Amino acid sequence: MEKRITKKELKKIVSDAYEHCKKIKEGNNAGYIPYLAKENSDLFALSLCFVDGDIINIGDYDYIFGIESISKVATALLIMKEYGCETVLNMIGADATGLPYNSIMAILLENDHPSTPLVNAGAIAAVSMVRPVGNKGQKWKSICDNINALCGSRSEFIEELYHSEALTNFNNRSIAWLLKNYNRIYDDPELSLDLYTKQCSLGVSTEQLSIFAATIANEGLNPKSGVRIFEARLSPKIISMIASVGFYEHSGDWLFSSGLPAKSGVSGGVMGVLPGLFGISAFAPPIDKAGNSVKAQAAIKYIMEKSGLNIFDSCSIRIDE
Ligand code: GLN
């Protein structure tokens, strides 16, 4: 059975999801990063960007928040562009850890085999790989240029968020040095940690993240700027990483209940990709114990359920004679 849905119907579902979820009170702002702890908990935004560039926006869609772990998706793409997928698989890996995003245990358990660029350890290793190795200024420019290109407009460095994280990131510092111990970091650990912290502190809106996600859904061609950001063959690679570990230890539950590969960040942002159709993004600061926004999850699940769309539903795929 082929499924059909109009943009108008989707627009109605998105606005219903917003109304339905805005009263949710569960979850708490991330407590371990002071800037995030004091962010307004009532902020709520939803954006959906179709692969033709049309956008549905609702709520605080132009509010700028810290991209946090969603930046890991961008830098994973950057190193796949620079080194190729096989090298990234060998130097970092693409395995779900099944453990929290900042797990040190995951590194100890898999010290002979790295995990994925989408958890802290792999993300710090990914930043360490960004070229030119050893040149902090150029590496930072390359990371920012890549995120801006994916979003189709400039991200904003949130200085206060960066300082807030840099003063409290003792766990990530341990991760960077533990990676060094296992020869799994490919540039200076302090340089890599600092650039990782900076990339997490880039500010974006849900509108920008929906364009980022739509660029992945559109096989690397940014539907807003019309610029090709990466080769089409990298799309399924990054989507597989997002699907396997985008919600950390809750990734399986998330995929099972939403049918949408998506990546979360502790600031309360979520970015999801439905290949060939659209990118979606939601933002609301209160998160659950795994670090995933409660309202954003509820809203995206609502949209997926009501629209009947699901990445695992093969009903519209045809094999010709
Ligand atoms: N900057 C955060 C950290 O390293 C990112 C974590 C996240 O968004 N899950 O802890």
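Just so it is clear, none of the values below were taken in a lab; they were calculated from the coordinates. Note that this is a predicted model, so its numbers are computed, not measured. When we count neighbours, we look across all protein chains shown, and the Cβ atoms used for this are built from the backbone with ideal geometry, even at glycine.
Once you place label points 7 Å from the Cα toward the Cβ at Asn310 and Lys11, how far apart are they in nm?
Reported label-point gap for Asn310 and Lys11 is 2.8 nm.
Give me the angle, in degrees from 0 to 90, between the Cα long axis of helix 120-129 and the longest principal axis of the Cα atoms of the chain, rounded to the nearest 10.
70 degrees
Once phi is turned into ³J(HN,Hα) by the Karplus curve 6.51 cos²θ - 1.76 cosθ + 1.60 with θ = phi - 60°, what whole-Hz value does each residue of segment 272-287 show in order, with x for glycine and proline?
x, 10, 10, x, x, 10, 7, x, 10, 9, 9, 9, 6, x, x, 10
Over segment 215-309, calculate the relative contact order: mean separation of alpha carbon pairs under 8 Å at least 6 apart, over the residue count, as a percent.
So the answer I get is 23 percent.
Mind ordering 168-178, 279-289, 145-155 by average Cβ neighbours within 10 Å, highest first?
Working: 168-178: 17.3, 279-289: 25.3, 145-155: 20.2.
Result, highest mean Cβ count within 10 Å first: 279-289, 145-155, 168-178.
So which aspartates and glutamates can Lys141 reach, going by Cα to Cα under 15 Å and dropping same-chain residues fewer than 8 places off?
Glu82, Glu156, Asp194
What nm value, rounded to one decimal, do you get for the distance between Lys25 and Met105 when each label is placed 7 Å out toward the C-beta?
For the pair Lys25/Met105, the computed spacing is 3.3 nm.
What ³J(HN,Hα) values, in whole Hz, does the Karplus curve 6.51 cos²θ - 1.76 cosθ + 1.60 give for segment 14-23 when θ = phi - 60°, with x put for Gly and Pro?
5, 6, 5, 4, 4, 4, 5, 9, 5, 8
Nearest 500 deg cm²/dmol is fine: what mean residue ellipticity at 222 nm does the chain get from its DSSP H runs of n ≥ 4 alone, each adding -39,500 (n - 2.57), divided by its residue count?
Rounded to the nearest 500, it is -14000 deg cm²/dmol.
Count the net charge of all other residues whose Cβ sits under 11 Å from the Cβ of Phe212, scoring Lys and Arg as +1 and Asp and Glu as -1.
Numbers: positive: Lys224, Lys263; negative: Glu207.
Within the 11 Å Cβ shell, the charges total +1.
Pop the C-beta distance of Asn181 and Ser41 into the FRET formula with R0 = 45 Å and round what comes out to the nearest 0.05.
That pair, Asn181 with Ser41, gives E of 0.70.
Give me the compactness ratio for segment 129-201, meaning the Cα radius of gyration over 2.2 N^0.38 Å.
Details: Rg = 12.9 Å, N = 73, 2.2 N^0.38 = 11.2 Å.
Rounded to two decimals, the normalised Rg is 1.15.
In this model, which of Lys12/Lys198; Lys198/Lys295; Lys180/Lys289; Lys7/Lys72; Lys139/Lys224 are farther than 32 Å apart at the alpha-carbon?
Flagged as over cut-off: Lys12/Lys198.
Dividing the Cα convex hull volume of segment 1-110 by residue count, how many Å³ per residue is that?
Values: hull volume 23.9 nm³, N = 110.
Cα convex hull per residue, to the nearest whole number: 217 Å³.
What relative contact order, as a whole-number percentage, does the chain give when Cα pairs under 8 Å and 6 or more residues apart are counted?
Taking the mean separation of contacting Cα pairs over the length of the chain, I get 27 percent.
Given a cut-off of under 8 Å on Cα pairs at least six residues apart, what relative contact order in percent is computed for segment 1-127?
On the way: 104 pairs, mean separation 21.5, N = 127.
About 17 percent, as a whole number.
What are the principal axis extents of the Cα atoms in the chain, in Å, biggest first?
Sorted from largest, the Cα extents of the chain read 53, 53, 36 Å.
Using the Cα centre of the chain as the reference point, and only Cβ charges (+1 on K/R, -1 on D/E), how large is the resulting charge dipole? Debye, rounded to the nearest 20.
On the way: 31 positive and 36 negative charges, 58 e Å.
Taking the Cα centre of the chain as origin, the dipole is about 280 debye.
Project the alpha carbons of segment 219-264 onto their principal axes and report the range along each, largest first, in whole Å.
Principal axes ranked by extent give 35, 19, 15 Å for the Cα atoms.
What is the ratio of the Cα radius of gyration of segment 162-208 to 2.2 N^0.38 Å, with N the residue count, to two decimals?
Compactness ratio reported: 1.31.
If you stretched the chain out fully between Asp62 and Glu82, how much longer would it get, using 0.36 nm times the residue separation minus the C-alpha to C-alpha distance?
Residue separation times 0.36 nm, minus the Cα-Cα distance, leaves 4.0 nm.
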